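I have placed the structure first, in the form of structure tokens, so that the comments after it can refer back to it.
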Amino acid sequence: MDLHSLSNTDGARSSRIRLGRGLGSKGKTCGKGHKGQMARKGNKHKLGFEGGQMPLIRRLPKRGFHNPTRKELLPVNVGDLAQFEDGAEVTMLSIRESGLANGVADGIKILGRGELNKKLNVKASSFSASAKAKIEAAGGSCEVVIP
């Protein structure tokens, strides 16, 4: 088999539709119907445009406050940190590599569920009060780092 002997199977490729070439093809209105905005040349409009009608996004009621600068934090419990060795330095990178925190976020928050009996130096974006108390009670330390 050579490259010059290859050919497409029947129906694999169809020729383009030649618009506006008389009534024998898609002639006259070229498949655009009669008049109207979409029949004119340059018939582009923005996403969500509803022909001049009030768009749905503006008709629906808005409630509450949506903070555009909100920081998304992944939760990790103190009890899950027990898998690290005693005296280890636990960083956000080591938490992610161990599989405790997955996904796209701005940082990691350590929460207080579970028990911790190992002395760990934990570096994370945020700590709950109970998590900080448990880590320090076990002889470890908490350090807030901004990612």
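Just to be sure I understand the filter: pairs with C-beta atoms under 6 Å, separated by 6 or more residues or on different chains, first member in segment 86-105 and on the phi > 0 side of the Ramachandran plot, second member of a type in the set (Lys, Arg). Which pairs pass?
Taking only residues 6 or more apart or on different chains, the pairs are Gly87/Lys119.
Please return the ranges of helices (runs of 4 or more DSSP H) entirely within segment 36-147 where 1 or more residues are β-branched (Val, Ile, Thr), open to solvent by less than 60 Å² (accessible area, probe 1.4 Å) and at pLDDT 90 or above.
92-97, 129-137
Can you name every residue in segment 10-46 that is touching a Gly at 6+ places or on another chain (Cβ under 8 Å), among the small types (Gly, Ala, Ser) and over 30 Å from Ile57 (Cβ atoms)?
Within segment 10-46, Gly20, Gly27 qualify.
From Arg40, Arg113, grab the single residue that is more than 30 Å from Ile17 (Cβ to Cβ) and of a type in the set (Lys, Arg).
Arg113
The values are calculated or read from the model by the stated rules, or taken from the named source; none is laboratory data. A quick note: this is a predicted structure, and the numbers were derived from the prediction, not measured. Using ideal geometry, Cβ is built from the backbone for each residue, glycine included, and neighbour counts are taken over all protein chains shown. The protein model used for the area step is the full one, side chains on, heavy atoms only, and it has no ligands, DNA or RNA in it. Shrake-Rupley method; radii C 1.70, N 1.55, O 1.52, S 1.80 Å.
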